[in-house]
């Protein structure tokens, strides 16, 4: 692994070299503040990954914005009528960055590696992998999994080199990461930057990319800047070429910047506030109900985000069929209901504007992570809770520290969070009793919920049946007020038109590797 680039070098020497034209094919992008601090490029074991993961690794299939699936390392696939097997044809003549071949034996090695990890649910339904020939594999199933293609398209299903993965052991993803993707990992400093170099042998682009060969960018530096305002200044002054995620509240400022182009894509995110159901006062469903209905989603949408995006009334993005719950269970701002249930629970409003019960103030801890957008949403939520008599003390953590704090399980009470996912199985990820603390920040561990989760995850034979089962699970979570839904953003990114040439169309559910191979850099 080469020596890590120093921040000072990025700020001065790199700019000078770029100005001379020597590094005309080089570019510097900035990750969204929500992705800062991902600790590893190990897709099998990680619970957090950043967008650069898709530059290093290819997947079996990838998903377009219209929810259709397209081959990447697989060229075609077929499911048996009873759902008890899947056969995948693999792309020929593909090699990992270390020169090792990609073939059927890679898949035989890869699928069992998920066992015992937090990502095991994506392969749990696979009983075994059979080799039909060097470029054909058959998944023999324990039970039907109508979600198989979505799982294969997940960023956590990037396929690493078996040789590199096994040789590096626990250091894999930090000391090195080897895939078949369009870029090779040159260096990685957690929370600071990743340096990638072009894979000149790349030949496994999907139909979502126009360019079927190596990327046009020769070297790509991915910087991590926690503060959105700092990242904005870097773009404005030419220190970086692209912001891969732009907070919606920055759009008015960017629209006035000459030479800066903003692109908006459909969103796959939801802001929400989990409540730690394992500790007081959130063991009481009435207190959870009061908090949920105290959040004014419309005010947040209009005042913080200029009406761009949509309010969230459930846990899932509104484009999913599983989000179409019984309207009575959707959570929308209702301060009168919030005050009423607090009265019923015995929390009496005091002269100081805070409620109390048995001499104890209704004062809770409200966590968030650094980043302009997180802080602003959290401050508004704090004020909205105060309006119904709930005091909230805000603590701001960096992205890496807050995860460690969640794992302590009993330290937090409320938190403002955001996830990005376009499938109902995110309900399992954040609410399964098997993942208490992190990522189950609500510490929700309810027998009925576990039963509904199991049925949704493993008991669905068809896609339609899966939708019904996940909707039932979703409704149960809503009825128990495990979280307060807040906001559905769109995806925004911005780039310097003097430096970056974007493709005519951007396909996929997010700005990922399939688009990066099509981006050019002006000389």
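Arrange 57, 271 by Cβ neighbour counts within 10 Å, fewest through most, would you?
271, 57
Using 1/(1 + (r/R0)^6) with R0 = 25 angstrom and r between the beta carbons of residue 115 and residue 75, what's the FRET efficiency to the nearest 0.05?
Values: r = 27 Å, r/R0 = 1.08.
E(calc), rounded to 0.05, equals 0.40.
Below 8 Å between Cα atoms, with a sequence gap of 6+, how large is the relative contact order for segment 368-523 in percent? Walk me through the numbers on the way to the answer.
Values: 133 pairs, mean separation 19.9, N = 156.
Computed value for segment 368-523: 13 percent relative contact order.
What is the helix-to-structure angle for 228-237, meaning the angle in degrees between its Cα long axis and the longest Cα principal axis of the chain, kept from 0 to 90 and rounded to the nearest 10?
40
What percent of all Cα-Cα pairs in segment 280-390 falls in each 5 Å bin, counting up from 0?
2, 11, 19, 21, 19, 15, 9, 3, 1, 0
So the label point goes 7 Å from the Cα of residue 280 along Cα→C-beta, right? Which residues of segment 326-359 then have their backbone N under 13 Å from it?
Within reach of a label on residue 280, which here means backbone N under 13 Å from a point 7 Å along Cα→Cβ, segment 326-359 contributes 347, 356-359.
What do you get for Rg/Rh over the chain if you use C-alpha atoms and the Kirkwood form of Rh?
0.97
Out of the DSSP beta bridges found with both residues in segment 269-488, what percent are antiparallel (nearest 5)?
Taking every DSSP beta bridge within segment 269-488, about 60 percent pair in antiparallel fashion.
When every alpha-carbon pair in segment 106-173 is counted, what percent end up more than 18 Å apart?
40
Using label points projected 7 Å from each Cα along Cα→Cβ, tell me how many nm separate residue 383 and residue 67, to one decimal.
Calculated label separation equals 3.8 nm.
Quote the relative contact order of segment 266-417 in percent (integer), defining contacts as alpha-carbon pairs under 8 Å separated by 6+ residues.
29
So if I average 1/r over every pair of distinct C-alpha atoms in segment 269-488 and take the inverse, what Kirkwood radius in Å does that give?
17.5 Å is the Kirkwood radius here.
Describe numerically, in nm with one decimal, the distance between label points set 7 Å from Cα along Cα→Cβ at residue 465 and at residue 174.
About 4.4 nm separates the two model spin labels.
Please determine, in degrees from 0 to 90 and to the nearest 10, the orientation of helix 463-479 with respect to the longest principal axis defined by the Cα atoms of the chain, where the helix direction is its Cα long axis.
Between helix and principal axis, roughly 40 degrees.
For the chain, what's the relative contact order in percent, using C-alpha pairs closer than 8 Å and at least 6 residues apart? Spell out each step's value before the answer.
Details: 1131 pairs, mean separation 108.5, N = 523.
Across the chain, relative contact order equals 21 percent.
What list do you get for 322, 280 if you sort them by fewest beta carbons within 10 Å?
Fewest to most other Cβ atoms nearby, the residues stand as 280, 322.
Sketch the reach of a paramagnetic label on residue 302 as a point 7 Å from Cα along Cα-to-Cβ, and name the residues of segment 318-337 whose backbone nitrogen lies under 20 Å away.
Backbone N within reach: 331-337.
As a check on your grasp of the helix formula, calculate [θ] at 222 nm for the chain: sum -39500 (n - 2.57) over DSSP H runs of n ≥ 4, divide by the residue count, round to the nearest 500.
-7000 deg cm²/dmol
Could you check what % of the DSSP bridge pairs in the chain are antiparallel, to the nearest 5?
75
As a footprinting exposure proxy, order 509, 189 by other Cβ within 10 Å, with the fewest listed first.
Neighbour counts put them in this order, fewest first: 189, 509.
Can you give me the angle between helix 335-344 and the longest principal axis of the chain, using Cα atoms only, in degrees from 0 to 90, rounded to the nearest 10?
60
Where a number appears in this text, it was derived from the coordinates with a stated rule and is not lab data. Everything numeric in this text was worked out from a predicted model, so none of it was measured. Neighbour counts run over all protein chains shown; Cβ positions are idealised from the backbone, glycine included.
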